[in-house]
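The values are calculated or read from the model by the stated rules, or taken from the named source; none is laboratory data. Everything numeric here is computed off the predicted structure, so don't read it as measured data. Cβ placement follows ideal geometry from the backbone for every residue including glycine, while neighbour counts extend to all protein chains displayed. Ligands, DNA and RNA are stripped out before the accessible areas are found, and what is left, the full protein with its side chains, is counted by its heavy atoms. Shrake-Rupley method; radii C 1.70, N 1.55, O 1.52, S 1.80 Å.
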Amino acid sequence: MPAKKFNIQNVVILGSGVMGSQIAAHCVNAGLKVKLLDLKSDDPKRPNKTAEDSIQKLTKMNPAPLGDPEWVERITPGNFEDNLEWASDADWICEVIVERMDIKKDMMAKLGKVRKPGTIVSSNTSGLPISEISEEVSDEFKAHFLGTHFFNPPRYMKLLEIIPTESTDDAVTEYMTGFCEKILGKGTVLCKDTPNFIANRIGVFSMASMMSWFFDGKFRAEEIDFLTGTLTGYSKAATFRTADMAGLDVLNHVAENLYPAVPDDERREAFKLPEEFKKMVEKGAHGNKKGHGFYKKVKGEKGNEYHVVDPDSLEYEPQQDVSFESAEKAKKEFKTSGERLKFLVNRDDKAGKFLWEIHCDLLLYSANRIPEITESVESIDRAMKWGFNWELGPFQRWDAIGVEESVKRMEKEGREVPEPVKKMLESGRKSFYKDDGTVYNLASGKIEELTPPAEGAVTVASLKRDKKEVWSNQSAGLYDMGDGVALFEFRTKQQTLGFELVTSVDKVAEIVMDQFDALVIGHDHENFSYGANLGEAGQALQSGDFGKVKEAVENFQRVAVGLRYQPFPVIGAVSGRCFGGGVEFMMHCDKVVAHHELYCGLVELGVGLIPAGGGTKELLLRAMNKVNEDEEADPLPYLKDAFKTIGMAKVSDGAPKARKLGYLRDIDMIVMHRDLLLATAKKQARAMADAGYRPPAEPKIKLLGQTGKSVLDVTLYIMTEAKWASPYDKVLAGKVAEIMTGGDLSEAQEVPESYLLKLEREAILECFQDDRTHKRMEHMLKTGKPLRN
């Protein structure tokens, strides 16, 4: 008899609080049908008021839980009393009700009466024992029950901890792992059913171990956050800002629950948080949701600023400038956070001693949790990277510091190093991870292959490890992905498109024509591209070499637009931030595979330029194609929308919005999991090649001439009067309007694509000769912010 095939399409979420409603929203983002239930309201006219109000709050939340606010209508509200039978039609029931064991058990008993056999049920508890929640249900129910612990906010936080019980069917665990990866886009980590699982167990310990340094007056909060931020491979929010985001009341609650639950934990006392911290919580200092925690937002002379709590008075005061000589030296001398960390823990100053002490706490604690909470070093590191946004997990930190030398120092200082760590060193292995793609298993003492971040994932790191590089220079690399598909990787800082990278495309095209069938453009970095390299353009202008600027403009446009006319399919694999020239590269790919979290825009006006890599032409072409699809459509509203998208430098807050703005087409794909981007793009590239790909002919584009120009002039006047456009924005947007309507054309007519591309080049070269553009470029390069002159 074949194994049961699971196929989740219909989801019922029980509990419409902050987490429940956002999990519902994210399921909608993933294309699932969702019903959201909560307590029945006392209002006889609105029995579903609780769920309805929670659904409406989704449209006001920042960051936005929904890929498109209009999708809020796709969530069906209900209540436990009248609508629990909806669970009988569900493929997955996710319980997200109050964190009380008796209430959760009661809900499971009610579900047992209505769910159909084979339906998967999970609990989103952050710490209650999963096996206890389901201990009173039937054996068949238990076999389909497990924990799914999302992190807040669910759309944006990568980690999802999956916690099977001893009764959970292996097929259920395997299916849910794949479903949560591929459909929901989560980084899944398998956890044992132990208190607070992995991320919160390690993360709360890490925060707790630092609190005494603050409340004892040894360090200010902003000093600890400086030392435990991106400097040393933690998150941008560091320690206390992360605590404020999570909620100090939540942190206190987790620590209070942990203490009695881990009687055998050798560092159990760390979960007794300082009395002063408890006083902060009692006074209502719950973090960002209450407006104050370790930090408090106040109005200052230059706008909003953050004051910091004083550990003695618990009053707020202005932050002080933070400076440690050793840290400044580390920033200057070392590029990576791992190198900076190694340097700093070996300094004999205040900062060095602090970082050494907290790392001894973290590393030894993490090693001692194996095999209690997991068998896997990799799982602990991924949980901290995906759940707390650390750049380096605990064992990656230990490798960076140097396992052998740090263990000697720890033992010399009288610390007890776990036996498995010492056994690893005795075996001759000096690090947990190695460049050959292996990791040491502390539980078994065996060396194992690293697992991919998602099933079937392809990464540049793995291609490098497998020696698949075909060609490279300092700006770019070309790899063999297998199956006749090549991968073109950007290697520049912030993936900017400089002279060398752009000219590399010609060389890469030759190799692909000779050795491959298709090309994918993508990489492992979080952000696809910040656009053209302004620094290079600025240098050429300063040197007075306008010929080089002209050559660069022509080259960039030829290469970007030329992607569409290569004799092989070109697929863009894009994610994160994608601006200016990066968008133009993306828009000229035959197909785009975009991560759901794509923040893209033609933002050239902000630096005094116009999109001239085919971006202005392409956005207009897409607008006019929509008109062609509907013979009765008035083209002017489509023209206005395309114009405003560039004129107001609109940036998408996700791939669904990018599609609405015209940056993505209906044929482009949106994938939920960042780590599956390259693998999906490879499949699309192969499919296009197999279908007998031929490049398209040059399109004709309908321009509306003076009629269109008049409409855009009025639109620009409104933008200027409303202060949406500064005086120079008006000049630049005027150039965009001229391109989009045909320059000197008096009446509507069709022109070849090349006509518009010529107008783009002429307009941007005029910009490069204008002092106002030079000022915008200089300001952006110096401050990272646009100048509104």
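Looking only at residues of region 295-313 that are in contact (Cβ under 8 Å) with a residue 40 or more places away in the chain and in a loop (DSSP other than H, G, I, E, B), we find that the one that is nearest to the chain's Cα centre (by Cα) is Pro311. All conditions in (1) modelled with pLDDT under 95; (2) surrounded by 15 or more Cβ atoms within 10 Å (Cβ to Cβ) hold for Ser313, with the sole exception of (2). Restricting the first member to region 710-721 and to residues that are closer than 12 Å to Lys644 by Cα, and the second to residues that are assigned to a helix (DSSP H, G or I) and among the hydroxyl-bearing types (Ser, Thr, Tyr), the beta-carbon pairs closer than 7 Å and six or more apart or on different chains are Leu712/Thr741. Which residues, taken from region 129-143, are buried (at least 19 other Cβ atoms within 10 Å of the Cβ) and either at pLDDT below 95 or closer than 21 Å to Val189 by Cβ (or both)? Hits for region 129-143 are Ile130, Ile133, Ser134.
Every condition in (1) open to solvent by 20 Å² or more (accessible area, probe 1.4 Å); (2) touching a strand residue (DSSP E or B) at 6+ places or on another chain (Cβ under 7 Å) holds for Gly293 except the one numbered (1).
Selection of region 1-36 for residues being polar (S, T, N, Q) and in a helix (DSSP H, G or I) yields Ser21, Gln22, Asn29. If only residues of region 547-574 that are open to solvent by 60 Å² or more (accessible area, probe 1.4 Å) and touching a residue at least 12 places away in the same chain (Cβ under 8 Å) are counted, the one that is farthest from Ala691 (Cα to Cα) is Lys550. Restricting the first member to region 393-408 and to residues that are in contact (Cβ under 8 Å) with a residue 60 or more places away in the chain, and the second to residues that are among the basic types (Lys, Arg) and open to solvent by less than 10 Å² (accessible area, probe 1.4 Å), no beta-carbon pair is closer than 6 Å while six or more apart or on different chains.
Of all the numbered requirements in (1) open to solvent by less than 10 Å² (accessible area, probe 1.4 Å); (2) free of Cβ contacts under 8 Å to residues at least 40 places away in the same chain; (3) of a type in the set (S, T, N, Q), Thr232 misses one, and that requirement is (2). Does Ala679 satisfy being outside any loop (DSSP other than H, G, I, E, B) and touching a Gly at 6+ places or on another chain (Cβ under 8 Å)? Criteria met by Ala679. Does region 71-93 contain any residue that is more than 30 Å from Ala658 (Cβ to Cβ), surrounded by 17 or more Cβ atoms within 10 Å (Cβ to Cβ) and among the acidic types (Asp, Glu)? Among the residues of region 71-93, not one is more than 30 Å from Ala658 (Cβ to Cβ), surrounded by 17 or more Cβ atoms within 10 Å (Cβ to Cβ) and among the acidic types (Asp, Glu), which makes the answer no. Which of the residues that make up region 149-171 are surrounded by 18 or more Cβ atoms within 10 Å (Cβ to Cβ) and among the aromatic types (Phe, Trp, Tyr)? Within region 149-171, Phe150, Phe151 meet the criteria. If you go through region 608-630 and keep only what is aliphatic (A, V, I, L, M) and either surrounded by 24 or more Cβ atoms within 10 Å (Cβ to Cβ) or in contact with a Ser or Thr (Cβ under 7 Å, 6 or more places away or on another chain) (or both), you end up with Leu609, Ile610, Ala612, Leu619, Leu620.
The residues of region 727-767 that are within 37 Å of the chain's Cα centre (by Cα), open to solvent by less than 10 Å² (accessible area, probe 1.4 Å) and not hydrophobic (A, V, I, L, M, F, W, C), listed by number, are Tyr728, Glu753, Glu760.
Among residues of region 322-345 being open to solvent by 80 Å² or more (accessible area, probe 1.4 Å) and in a loop (DSSP other than H, G, I, E, B), the one that is nearest to Trp398 (Cα to Cα) is Lys335.
Every listed requirement among (1) free of Cβ contacts under 8 Å to residues at least 12 places away in the same chain; (2) closer than 18 Å to Met210 by Cα is met by His359 save one, (1).
When Gly647 is tested against (1) farther than 24 Å from Pro786 by Cα; (2) crowded, with 24+ Cβ neighbours inside 10 Å, exactly one condition is not met: (1).
Put simply, of Val308, Val298 the only residue that is hydrophobic (A, V, I, L, M, F, W, C) and out of contact with any Phe, Trp or Tyr (no Cβ under 6 Å at 6 or more places or on another chain) is Val298. Of all the residues in region 250-294, those that are farther than 26 Å from Asn368 by Cα, within 26 Å of the chain's Cα centre (by Cα) and in a helix (DSSP H, G or I) number 3. If you go through region 383-421 and keep only what is touching a Gly at 6+ places or on another chain (Cβ under 6 Å) and either open to solvent by 50 Å² or more (accessible area, probe 1.4 Å) or over 23 Å from Arg201 (Cα atoms) (or both), you end up with Lys385, Glu391. Scanning region 210-229 for residues that are crowded, with 20+ Cβ neighbours inside 10 Å, assigned to a helix (DSSP H, G or I) and of a type in the set (Ser, Thr, Tyr) yields no hits at all.
You will find that of Asn152, Asn196, the residue that is polar (S, T, N, Q), touching a residue at least 24 places away in the same chain (Cβ under 8 Å) and on the phi > 0 side of the Ramachandran plot is Asn196 and no other. For region 596-607, taking the residues that are under 30 Å from Thr680 (Cβ atoms) and of a type outside the set (A, V, I, L, M), the one that is surrounded by the most Cβ atoms within 10 Å (Cβ to Cβ) is identified as Cys600. Residues considered: Ala733, Ala689. Of these, the only one that is touching a Gly at 6+ places or on another chain (Cβ under 8 Å), more than 22 Å from Val607 (Cα to Cα) and part of a helix (DSSP H, G or I) is Ala689.
Out of the helices (runs of 4 or more DSSP H) lying entirely within region 37-115, which hold 1 or more residues that are free of Cβ contacts under 8 Å to residues at least 60 places away in the same chain, farther than 25 Å from Ile162 by Cβ and of a type in the set (A, V, I, L, M)?
49-57
For Met777, indicate whether it is modelled with pLDDT under 95, in a helix (DSSP H, G or I), within 30 Å of Gly576 (Cβ to Cβ) and open to solvent by less than 50 Å² (accessible area, probe 1.4 Å). Taking the combined requirement at face value, the residue satisfies it. Is it fair to say Gly708 is over 18 Å from Leu639 (Cα atoms) and either aliphatic (A, V, I, L, M) or open to solvent by less than 50 Å² (accessible area, probe 1.4 Å) (or both)? So Gly708 fails the test.
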